[in-house]
Amino acid sequence: MTFTEINTDYYLYYEEYGQGAPVIFIHPPGLGNKVFQYQHELSKHMRVIFPDLSGHGRSSKAKHSVSISFYANELVRFMDSLHLDKVILCGYSAGCLIAQELAINHPQRIELLILSGAYPIVRDIPGQLLHKTGMYMVKEHLNILIKGLAISHTRDKTLRRNLISYMRKSNQESWYQYYSHSLHYNCVDKLHHLIMPLLFIYGGKKDWTTHYMKEYKNKCRHAEFVVLPHQGHQLPTKQWTQFNELITGFVLNRSHL
């Protein structure tokens, strides 16, 4: 187990594997770093780093309320604690909001940005319903939510059990706040600040975030977009082979770290 102190009052747990260009993976609400289990394979080509955000997994709960900006600043301190001046970020789902916030405000710290199922705002009805349902379930039916998320992410029974066990470690309040702030986040007017090379990965028509590609294409014209046809939102676990191949190609071709 590896922990690093963020402030004097709390610490983050993380796992890291491999050598080379450092890639930090940012998880969505509740799931913790175990959602990136299949990305451990990337350690053959790069240094992969999987932190649990505060209030998630094995990390301690922050003393203050969490938000997208809070988590972005937390990751900057995390980078500092590992003596990393510049990294590659890979966000998944709501983790993309944190990745975007960090890259917008600290572009000099981010070499490449990889976003899977990204959105800059939640303005669609399905997305709003998804977040509001998540908030309700965290408060009222947490065990059902945990099992539902595990089932939606994998058919592998071992990984499903691991996800369930790990989600149960997460702090309920932090989980709820992460959902809530994701619902109300908006960086549409700041997308032009994403000046680093960008890779967006989407899961086709079954991915509720796909229509946000138009927003990014208008504001980030240098970005690369990949859509995996007939796939859903959970690419890191359900289409991990293709997902990993895309990350490997992008990092090896673009990174100078």
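The values are calculated or read from the model by the stated rules, or taken from the named source; none is laboratory data. Everything numeric here is computed off the predicted structure, so don't read it as measured data. Because the Cβ atoms are built from the backbone with ideal geometry, glycine has one as well, and the counts that use them run over all protein chains shown. Areas reflect the complete protein model, heavy atoms only, side chains present, ligands, DNA and RNA absent. Shrake-Rupley method; radii C 1.70, N 1.55, O 1.52, S 1.80 Å.
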The range 183-214, residues that are open to solvent by less than 40 Å² (accessible area, probe 1.4 Å), within 24 Å of K132 (Cα to Cα) and of a type outside the set (S, T, N, Q): L183, Y185, C187, V188, Y202, G203, G204, D207, Y212, M213
From the residues in the range 205-257 that are acidic (D, E) and not in a helix (DSSP H, G or I), which one is modelled with the highest pLDDT? E224
With the structure loaded, tell me whether S60 is assigned to a helix (DSSP H, G or I), over 15 Å from the mean Cα position of the chain (by Cα) and without any contact (Cβ under 8 Å) to a residue 60 or more places away in the chain or whether it fails that test. no
Restricting to the range 59-69, name every residue that is among the hydrophobic types (A, V, I, L, M, F, W, C) and at pLDDT 95 or above. I68
May I ask you to verify whether P236 is of a type outside the set (F, W, Y) and crowded, with 19+ Cβ neighbours inside 10 Å? yes
Tell me, please, whether a residue that is out of contact with any His (no Cβ under 6 Å at 6 or more places or on another chain), more than 30 Å from N253 (Cα to Cα) and among the β-branched types (V, I, T) can be found in the range 91-107. no
Could you please give the count of residues in the range 63-90 that are part of a loop (DSSP other than H, G, I, E, B) and hydrophobic (A, V, I, L, M, F, W, C)? 3
Is it the case that some residue within the range 87-97 is out of contact with any helix residue (DSSP H, G or I) (no Cβ under 9 Å at 6 or more places or on another chain) and open to solvent by 40 Å² or more (accessible area, probe 1.4 Å)? no
Going by what's in this entry, would T133 be described as closer than 22 Å to Y17 by Cβ, in a helix (DSSP H, G or I) and open to solvent by 40 Å² or more (accessible area, probe 1.4 Å)? no
Within the range 1-52, the count of residues that are closer than 15 Å to D80 by Cα, of a type outside the set (S, T, N, Q) and outside any strand (DSSP E or B) comes to 0
Just one of Q37, Q19 is surrounded by fewer than 22 Cβ atoms within 10 Å (Cβ to Cβ), at pLDDT 95 or above, within 22 Å of T154 (Cβ to Cβ) and not acidic (D, E); which is it? Q37
